[in-house]
Amino acid sequence: MTFQLQRYEKNPVLTPRNNDWERLQVRNPAACYDGRKVHLVYSARAVTNTIHLGLAESDNGYDFRRVGEGPWLSPSAEGFDAGTIEDARMVNIEGVTYIVYGARAIGKTEFANGAKAKGATSDGVTWTRNFRRGGLLATRDFKTVERLGPISSEHEYDCNFVLFPEKVNGRYVLLHRPSAFEPFPNPCLELPWSQRLGIHICYSRDLVHWEDDRVLIRPEQEWEETKVGGSTQPIRTPEGWLTLYHGVQGNDQTFVYRVGVMLLDLKDPSRVIARSPHFILEPEMAWEREGTVNNVVFPNGAVVIGDTLFVYYGGADTVCCVATAPLRDVLSHVLTFRR
């Protein structure tokens with residue numbers, strides 16, 4: 001039997017509440033651990049298509065309490081992230097917690113009804129077709145937040161932004177998935193495997209200007225045939241950067257999201273040392289198989305507490321969950337499949 005993460009028996013750890021900003025969804029939680037608490041920044045949506053970020057914390061990694069009654073951060077009044085802010089991932093670098101996220105200039109329903117972007121700076125597709133784009137936040141205490149602006153082009157669809165938790169060879173490192181089209185519905189399965197949507201890696205000296213962009217991985221297995229995308233922030237281990245990603249099988253309303261694992265070289269993270277052909281988590285429980293989007297497990301955060309890897313993920317785009325495993329077991333599994 002292949003290796004699998006173990007779900008927390010009391011999942012989900014966060015569920016929607018009856019208020020005006022998280023009634024329908026609390027999902028896809030970013031996570032960081034400061035040695036005392038696990039902080040979660042999760043996506044939340046009520047009846048409208050406006051998506052906010054909420055904040056929760058835990059002393060043990062399992063039992064979470066909300067911080068405040070309202071959103072931790074909401075979309076801007078205008079600009080590239082005036083419609084939605086979601087799918088955060090976060091890392092702490094030199095005392096600053098950086099949070100990358102996906103954004104839209106307009107809510108999808110509002111855009112479909114003819115709304116136009118406010119504060120558009122060009123005729124790029126992130127404005128005129130409302131494609132997703134990346135944004136960056138910074139905080140030192142989770143009380144005050146600085147918006148550092150967009151980190152991807154206004155002329156292409158881009159998503160699944162993941163920062164590394166430290167510089168490599170003097171540069172910041174970012175994973176992302178650019179595309180010429182919006183992924184669902186999409187023509188991915190009609191493309192040759194060598195052209196299907198994959199994870200890219202790029203580098204920056206200032207977190208604003210990114211360079212040396214290249215493909216890191218593309219789909220290889222049946223369970224990731226449609227596309228792959230970054231999931232949780234890489235974790236430094238003596239063997240390499242332990243990196244989780246998601247793979248999608250199927251198309252339109254028949255797709256299934258699963259979780260894969262790979263190991264990247266510490267000095268050259270563009271080099272894949274090992275990659276398991278097997279997924280380590282798939283939708284099985286009711287709250288993963290049925291929800292806003294069925295058959296989805298979508299990790300956005302991972303931390304190590306003691307010798308245990310905690311993986312925080314969204315279930316069916318509706319709730320937040322956690323799964324764990326001994327870190328050494330995850331490494332042993334992926335190293336079985338060295339490249």
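Identify the residue in the stretch 1-50 that is touching a Lys or Arg at 6+ places or on another chain (Cβ under 7 Å) and at pLDDT below 95 and, among all such residues, is farthest from F161 (Cα to Cα).
Within the stretch 1-50, the match that is farthest from F161 (Cα to Cα) is V47.
Collect the residues in the stretch 211-228 that are part of a strand (DSSP E or B) and in contact with a Cys (Cβ under 7 Å, 6 or more places away or on another chain), keeping them in residue-number order.
Listed by number, the residues that qualify are E211, D212, D213, K227.
Against the condition buried (at least 21 other Cβ atoms within 10 Å of the Cβ), more than 17 Å from F161 (Cβ to Cβ) and aliphatic (A, V, I, L, M), how does V293 come out, does it pass?
The answer is no for V293.
Out of the residues in the stretch 250-272 meeting the condition of being over 20 Å from L309 (Cα atoms) and at pLDDT 95 or above, tell me which one is surrounded by the most Cβ atoms within 10 Å (Cβ to Cβ).
Y257
For the stretch 226-247, name all the residues that are crowded, with 16+ Cβ neighbours inside 10 Å and either modelled with pLDDT under 95 or basic (K, R) (or both).
Once the filter is applied, which keeps residues that are crowded, with 16+ Cβ neighbours inside 10 Å and either modelled with pLDDT under 95 or basic (K, R) (or both), the stretch 226-247 yields T226, K227.
Only one residue in T232, T254 is closer than 21 Å to R328 by Cβ and of a type in the set (S, T, N, Q). Which one?
T232
Do we have any residue at all in the stretch 126-138 that's modelled with pLDDT of 95 or more, hydroxyl-bearing (S, T, Y) and either assigned to a strand (DSSP E or B) or under 20 Å from I51 (Cβ atoms) (or both)?
Looking through the stretch 126-138, at least one residue is modelled with pLDDT of 95 or more, hydroxyl-bearing (S, T, Y) and either assigned to a strand (DSSP E or B) or under 20 Å from I51 (Cβ atoms) (or both).
Among the strands (runs of 3 or more DSSP E) confined wholly to the stretch 293-339, which include 1 or more residues that are touching a helix residue (DSSP H, G or I) at 6+ places or on another chain (Cβ under 7 Å) and under 16 Å from Q233 (Cα atoms)?
297-305, 308-315
When you scan the stretch 292-315, do you find a residue that is farther than 27 Å from V41 by Cα, modelled with pLDDT of 95 or more and not hydroxyl-bearing (S, T, Y), even just one?
No.
One residue is enough: does the stretch 180-200 have a residue meeting the conditions among the hydrophobic types (A, V, I, L, M, F, W, C), part of a strand (DSSP E or B), within 28 Å of L242 (Cα to Cα) and in contact with a helix residue (DSSP H, G or I) (Cβ under 8 Å, 6 or more places away or on another chain)?
Checked the stretch 180-200: at least one residue is among the hydrophobic types (A, V, I, L, M, F, W, C), part of a strand (DSSP E or B), within 28 Å of L242 (Cα to Cα) and in contact with a helix residue (DSSP H, G or I) (Cβ under 8 Å, 6 or more places away or on another chain).
Evaluate the following for R205: is it under 19 Å from G170 (Cα atoms) and touching a residue at least 40 places away in the same chain (Cβ under 8 Å)?
When the stated conditions are applied, R205 does not pass them.
Among residues belonging to the stretch 147-164 that are part of a loop (DSSP other than H, G, I, E, B) and in contact with a His (Cβ under 9 Å, 6 or more places away or on another chain), point out the one that is surrounded by the fewest Cβ atoms within 10 Å (Cβ to Cβ).
Per the stated criteria, the residue is I151.
Quick check on the stretch 1-10: of everything there that is under 23 Å from N60 (Cβ atoms) and part of a loop (DSSP other than H, G, I, E, B), which residue is nearest to the chain's Cα centre (by Cα)?
Applying the filter and picking the extreme gives L5.
Could you tell me whether T232 is farther than 18 Å from Y157 by Cβ and under 18 Å from the mean Cα position of the chain (by Cα)?
Considered against the rule, which asks whether it is farther than 18 Å from Y157 by Cβ and under 18 Å from the mean Cα position of the chain (by Cα), T232 comes out as yes.
Only one residue in P326, P234 is without any contact (Cβ under 8 Å) to a residue 60 or more places away in the chain and either within 29 Å of D59 (Cα to Cα) or in contact with a strand residue (DSSP E or B) (Cβ under 7 Å, 6 or more places away or on another chain) (or both). Which one?
Criteria check complete, one pass: P326.
Residue check, T144 against (1) in a loop (DSSP other than H, G, I, E, B); (2) of a type in the set (S, T, N, Q); (3) touching a Ser or Thr at 6+ places or on another chain (Cβ under 9 Å); (4) modelled with pLDDT of 95 or more, all met but one. Which one?
Going through (1) in a loop (DSSP other than H, G, I, E, B); (2) of a type in the set (S, T, N, Q); (3) touching a Ser or Thr at 6+ places or on another chain (Cβ under 9 Å); (4) modelled with pLDDT of 95 or more one by one, T144 breaks only (3).
Please name all residue pairs, on different chains or six or more residues apart, with Cβ atoms under 6 Å, provided the first residue is in the stretch 43-60 and is under 13 Å from C32 (Cα atoms) and the second residue is among the charged types (D, E, K, R) and part of a strand (DSSP E or B).
Here the result reads A56/R66, each pair linking the stretch 43-60 to a residue that is among the charged types (D, E, K, R) and part of a strand (DSSP E or B).
Quick test for you: out of A316, A274, pick the one residue that is among the hydrophobic types (A, V, I, L, M, F, W, C) and at positive phi.
A316
For the subset of the stretch 151-194 comprising residues that are closer than 21 Å to A31 by Cα and among the basic types (K, R), which member is nearest to the chain's Cα centre (by Cα)?
R177
Tell me, please, whether a residue that is charged (D, E, K, R), in contact (Cβ under 8 Å) with a residue 40 or more places away in the chain, within 23 Å of V293 (Cβ to Cβ) and touching a Pro at 6+ places or on another chain (Cβ under 8 Å) can be found in the stretch 163-184.
There is no residue in the stretch 163-184 that is charged (D, E, K, R), in contact (Cβ under 8 Å) with a residue 40 or more places away in the chain, within 23 Å of V293 (Cβ to Cβ) and touching a Pro at 6+ places or on another chain (Cβ under 8 Å).
The values are calculated or read from the model by the stated rules, or taken from the named source; none is laboratory data. Being a predicted model, the structure only gives us computed values, none of them experimental. Using ideal geometry, Cβ is built from the backbone for each residue, glycine included, and neighbour counts are taken over all protein chains shown.
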